[in-house]
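What follows is a set of notes on a single structure, which appears directly below.
The values are calculated or read from the model by the stated rules, or taken from the named source; none is laboratory data. Since this is a predicted model, take the numbers as computed values, not measurements. Cβ atoms come from the backbone with ideal geometry, glycine included; neighbour counts cover every protein chain shown. For the accessible areas, the whole protein counts, side chains as well, though only heavy atoms, and no ligand, DNA or RNA atoms are used. Shrake-Rupley method; radii C 1.70, N 1.55, O 1.52, S 1.80 Å.
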Amino acid sequence: MDFGYHKLYINGELTEAAAGEKFTVVCPGTEESVADIAWASSADAEYALKSAQRGFELWSALSLKERTEWMHKLRAAVIEKQQLLRESIMYEMGKTWEGTEEDYETVINALQWYPEEMKRTRDQALPDEDNTFSHQLVSQPAGVVVAYLAWNFPLLNLGFKLGPALAAGCSLIIKPSPVSPLSAYLIGEICYEIGLPPGVVNILCGPDAEIGSNLSGSKIPRVITMIGSSATGRRVIADSATSIKKISMELGGNAPAMVFEDADLDQAVQEIAALKFGNTGQVCVSPNRIFIHKTIFNEFEEKFLEKARAVRVGFGKADKPTMGPLVNSQARERIQEMVADALEKGAEIICGGKIPDGQTRGYFYEPTVIKNVTAEMRIVKEEVFGPIATLIPFEGGEEIVEQANDTEHGLAAYLYTRDVNRIRYITEKLQFGDIMVNGFKYAIYLPHGGIKESGVGKDCSHLALDDYLVVKRITIKH
Ligand code: NAD
């Protein structure tokens, strides 16, 4: 597959990079190049900042009705390119064909849902205790937004930022990850084709540290938002501190799943396996540490192994794989090192644990299940971001919540039990932003975001709009 060459989208135009550099996108399923993109440098970042500043003036002056019309026009054009966009994600990231649907749908849902949500009034009158003043809270667009995106859901992550920022009246500079920039560049082309006012959306990718320090360090952006690892989040916050900006960060996770003896075992196994091996485990909310009550451990293990063995690893539409490759050789080497570390410290692999036999091309790794793990192992301490499930037996009851909380991260947690008192106690104690009990659901209208080192601010829902708005109090004496 060859997707050809794609330019930066800045100031309403498709442009070459100032230094004329290009970057090749490689497919993790075949290790073949599938596209070239214009590779931005500082000069392009500066140009994008000025463009977004002018874009903000244009966009924030439009009425919500006019912004909504543009967003619907963009949505219709994205729908027309559904096939191309989904294929670009499949080839740049190695996702299964079915897996690309969620990415595409998030963009079209965000472009529909956020203008609707903006119509619900956010402005508010406050009472005055002496009746001598009237007080009004008024929300306004915050300004230019810089959005750094993780590669694992290239268009879902883009939709999470594009929808609320545009609806709020902000302009954006979107910097996709160099690992999966192609689909974002295609969105730039679609914005160009529909003639979106210049500077409202700008899309460029280039060397992280160079582009990052230019964009984050500039005083033009009023909002810095990111989806990525906690380490990059800390770096971006530090780079941004040249001026006071709004910060919204969706960062790494180390999700616990807790399965009690009274859980619906089949449901727990099915859902935890789906979350673990979906997107090859490269999901921020994927369960990392699976705590299973000792009395049901063997049964859980047996059923979970069945699920792991049923996963079909591969790439492309024809073979209908249920799990694709890891995103690149570094990601696979990291997983191999983590598994080696666990083995050295006494863990036991009960399924997988290697590159599939006969696989010579593509960054594939078998769905892997490990037990006898301890808190000292990297596989328990760090975010795994791969198809490795660690099964950890526990005795006793609610105290397991302390182990679940024993991580710097606080993104997602899963609990399976029928005991209402236990649910109340554990959900109160858990230090995570997304807590799912006896089932899970993620959607554009439901807030998603972490606490602790997993971030600040929210993606999705009405709460995401707050990240792109500033609130003024207007007090008038009668
Ligand atoms: P990453 O931190 O390496 O990169 C994230 C983005 O930041 C990329 O666009 C990258 O190019 C950019 N970046 C890197 N260094 C930068 C710098 N100095 N200045 C500016 N930008 C910079 O993360 P990744 O490998 O792309 O994604 C995986 C991580 O993302 C995992 O930790 C995962 O948990 C997290 N993630 C979190 C969520 C969430 O909602 N909380 C969702 C998806 C992924």
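Annotation for region 271-358: trypsin sites (Lys or Arg not before Pro) lying in DSSP loop with at most 16 further Cβ atoms inside 10 Å of their Cβ are Arg312, Lys317, Lys345, Lys354. Selection among Pro221, Gly386, Thr280 by position relative to the dipole of the chain gives Pro221 as farthest towards the positive end (Cβ unit charges, Cα centre).
Each eigenvalue of the Cα gyration tensor of the chain, multiplied by 5 and square-rooted, gives one semi-axis; in descending order these are 38, 30, 19 Å. Largest first, the extents of the alpha carbon coordinates of region 354-478 on the three principal axes equal 79, 45, 27 Å. With equal scatterers on the alpha carbons only and no solvent term, can you work out the Debye log10 of I(q)/I(0) for region 255-449 at 0.10, 0.12, 0.13, 0.19 1/Å? Values, matching the q order: -0.39, -0.56, -0.66, -1.40.
For region 1-90, pairs of C-alpha atoms spaced more than 14 angstrom apart make up 75 percent of the total.
If R0 is taken as 30 Å, the Cβ-Cβ distance between Asp264 and Gln336 corresponds to a FRET efficiency of 0.30. Mind checking which lysines have their Cα closer than 19 Å to the Cα of Lys219? Skip sequence neighbours fewer than 8 apart in that chain. Here the lysines satisfying the reach criterion relative to Lys219 are Lys50, Lys175, Lys245, Lys246. Remark: spin-label model distance Ala19-Thr132 equals 6.3 nm, labels positioned 7 Å along the Cα→Cβ axis. Averaging the sequence gap over all C-alpha pairs within less than 8 Å and six or more residues apart, then dividing by the number of residues, gives the chain a relative contact order of 18 percent.
Carbon-plus-sulfur fraction of the accessible area of region 1-105, 1.4 Å probe, in percent? On region 1-105, the fraction of accessible area on carbon and sulfur atoms equals 48 percent.
In sequence order, region 185-198 has phi-based couplings of 4, 5, 5, x, 5, 5, 4, 5, 4, 8, x, 3, x, x Hz under the Karplus curve 6.51 cos²θ - 1.76 cosθ + 1.60, θ = phi - 60°, and Gly or Pro positions carry x. Entry note: region 348-422 has Rg to Rh equal to 1.05, where both radii use alpha-carbon atoms and Rh is the Kirkwood radius. To the nearest 0.05, what FRET efficiency results for Glu193 and Ser63 with a Förster distance of 22 Å applied to their C-beta separation? So, using R0 = 22 Å, E works out to roughly 0.40. Looking at region 80-224, the pairs of alpha carbons with a distance over 22 Å make up 46% of the total. Phi-derived couplings, Karplus 6.51 cos²θ - 1.76 cosθ + 1.60 at θ = phi - 60°, listed residue by residue for region 110-127: 5, 6, 8, 6, 5, x, 4, 5, 5, 5, 5, 4, 9, 6, 8, 9, 10, x Hz, with x used for Gly and Pro.
Along its first, second and third principal axes, ordered by size, region 1-45 spans 34, 19, 13 Å in Cα coordinates. Counting only protein heavy atoms and a 1.4 Å probe, region 1-150 has 46 square angstrom of accessible area per residue.
Extension gain, Glu32 to Gln82: 0.36 nm times the residue separation minus the Cα-Cα distance gives 15.7 nm. Take the Cβ atoms of Asp319 and Lys354, set R0 to 22 Å, and the FRET efficiency comes out at 0.65. Over region 255-449, accessible surface divided per residue gives 43 Å², non-protein components excluded, 1.4 Å probe. Across region 255-449, the relative contact order, built from alpha-carbon pairs under 8 Å that are at least six residues apart, equals 27 percent.
To the nearest 20 Debye, how big is the dipole of region 342-478 about its Cα centre, given +1 on the beta carbon of each Lys and Arg and -1 on that of each Asp and Glu?
So the dipole magnitude of region 342-478 works out to roughly 660 debye.
Rounded to whole numbers, the Karplus 3J(HN,Hα) couplings from phi for region 308-316 are 5, 6, 7, 5, 9, 8, x, 9, x Hz, using 6.51 cos²θ - 1.76 cosθ + 1.60 with θ = phi - 60°, and x at Gly and Pro. For region 260-353, the spread of Cα coordinates along the three principal axes comes to 40, 36, 22 Å, biggest extent given first.
Probe radius 1.4 Å, ligands and nucleic acids ignored: give me the carbon and sulfur share of the accessible area of region 255-449 as a rounded percent.
Its accessible area is 47 percent carbon and sulfur atoms.
Work out the P(r) tail for region 177-307: percent of alpha carbon pairs separated by more than 23 Å, whole number. Across region 177-307, Cα pairs with separations above 23 Å total 55 percent.
Once backbone amide H atoms are built at 1.01 Å from N, Ile290 has Ala257, Thr390, Ile392 as its partners under 5 Å, excluding neighbours fewer than 5 places away on the same chain.
Region 286-347 and region 357-402 have Cα centres separated by 7 Å.
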